[in-house]
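Student: Before we start, here is the structure in question, set down as structure tokens.
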Amino acid sequence: MYKLNPEALKAYLNNNNLEIKFYKEIDSTNNEAKKIFNEKPLLIIANKQTAGRGRQGHSFFSPNGLYFSYVLPFKEYPLLTLSVGIAIAQAFRKQGISIKLKWVNDIIYKDRKLGGILCEHHQDALIIGVGLNIYPTVFPEALKDKAISLDKTIDSNLLLVAIINELYILFNMTPQQLIELWKEANWTLNKEIQFTYNNEILSGKAIDIALNGSLIIATTKGLINLDSGEIL
Ligand code: BTN
């Protein structure tokens, strides 16, 4: 099994100014980012999180994998979460692994959740949090049918570097280009889905992604543009 090696990471990264902090175990790399960010780009990596967080207040099971926060001075990047997903899918593809993207922040492998993305804004920091269960993992009963860990060996240094380097390319793309790329790895479109909307559970067919990144769903009540809800 390849393990992360900060020296190897530094050697591969295009950004030499990046400070890298590596933890065997931490509560949450996103929480740590909020505590220690100080203007300079920062990469916080952990092998295990004891209080990993997901979107919508969910916890994120993070026992043994690649969990990191890439922290930059705050700036608005359009379609950020979708861009991070694209970067992840492309980085896995470089190692021969096919990853799909479930709107808006889930990373799907073999139709199950391999990981997720949690982007946050805290004071002057933009925190891009990514969790990927890339090592063999035994999931608790409640997650067993939905979650998966990778069943192949990959080079986690190369994976992480490819995600970050790819992000810089995506940051310069237009929303149209990003949506086209996202659709290449799409897992959600053309599926019947259930989703939460205004505190209700609704269902419909996911038909497209709008230019602002929202998911367009055809329901019996008409088209719904979902921008902050959750797909179940
Ligand atoms: C989700 O599935 O809703 C998003 C999960 C995001 C998990 C990553 S792991 C690194 C970073 N630190 C956290 O506490 N969460 C993100």
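Student: Can you say whether Asn186 is open to solvent by 10 Å² or more (accessible area, probe 1.4 Å) and within 15 Å of the chain's Cα centre (by Cα), as far as the supplied structure shows?
Tutor: yes
Student: Residue by residue through the range 1-48, note down the ones that are open to solvent by 80 Å² or more (accessible area, probe 1.4 Å) and in contact (Cβ under 8 Å) with a residue 60 or more places away in the chain.
Tutor: The answer is Met1, Tyr2, Lys3, Tyr12, Asn14, Glu39.
Student: Hey, Ser156 hits all of (1) open to solvent by 10 Å² or more (accessible area, probe 1.4 Å); (2) in the same structural domain as Val130 (by TED's automatic domain parsing); (3) not aliphatic (A, V, I, L, M) but one; which does it fall short on?
Tutor: Every listed condition holds for Ser156 apart from (1).
Student: Oh, and also: From the set of residues in the range 59-84 that are within 14 Å of the chain's Cα centre (by Cα) and away from the ligand (no atom under 11 Å from the Cβ), which is nearest to Ile231 (Cα to Cα)?
Tutor: Among those residues, the one meeting the criterion is Leu82.
Student: With of a type in the set (S, T, N, Q), out of contact with any Ser or Thr (no Cβ under 9 Å at 6 or more places or on another chain) and on the phi > 0 side of the Ramachandran plot as the only criterion, which of Asn186, Asn172, Asn199, Asn165 stands out?
Tutor: Asn199
Student: I'm trying to understand the selection: among the residues of the range 213-227, which are under 24 Å from Glu120 (Cα atoms) and either in a strand (DSSP E or B) or open to solvent by 80 Å² or more (accessible area, probe 1.4 Å) (or both)? Spell out the reasoning first.
Tutor: Just the residues of the range 213-227 that are under 24 Å from Glu120 (Cα atoms), to begin with: 213-216, 225-227.
Within the range 213-227, Leu215, Ile216, Asn225, Leu226, Asp227 meet the criteria.
Student: Every residue in the range 104-125 that is open to solvent by less than 40 Å² (accessible area, probe 1.4 Å) and more than 12 Å from the ligand (Cβ to nearest atom), please.
Tutor: Once the filter is applied, which keeps residues that are open to solvent by less than 40 Å² (accessible area, probe 1.4 Å) and more than 12 Å from the ligand (Cβ to nearest atom), the range 104-125 yields Tyr109, Ala125.
Student: Search the range 49-58 for residues being at pLDDT 95 or above and open to solvent by 50 Å² or more (accessible area, probe 1.4 Å), and hand back the single one that is farthest from the ligand (Cβ to nearest atom).
Tutor: Taking the candidates together, the pick is Thr50.
The values are calculated or read from the model by the stated rules, or taken from the named source; none is laboratory data. Note that the structure is a prediction, hence the values are computed from the model and not measured. When we count neighbours, we look across all protein chains shown, and the Cβ atoms used for this are built from the backbone with ideal geometry, even at glycine. For the accessible areas, the whole protein counts, side chains as well, though only heavy atoms, and no ligand, DNA or RNA atoms are used. Shrake-Rupley method; radii C 1.70, N 1.55, O 1.52, S 1.80 Å.
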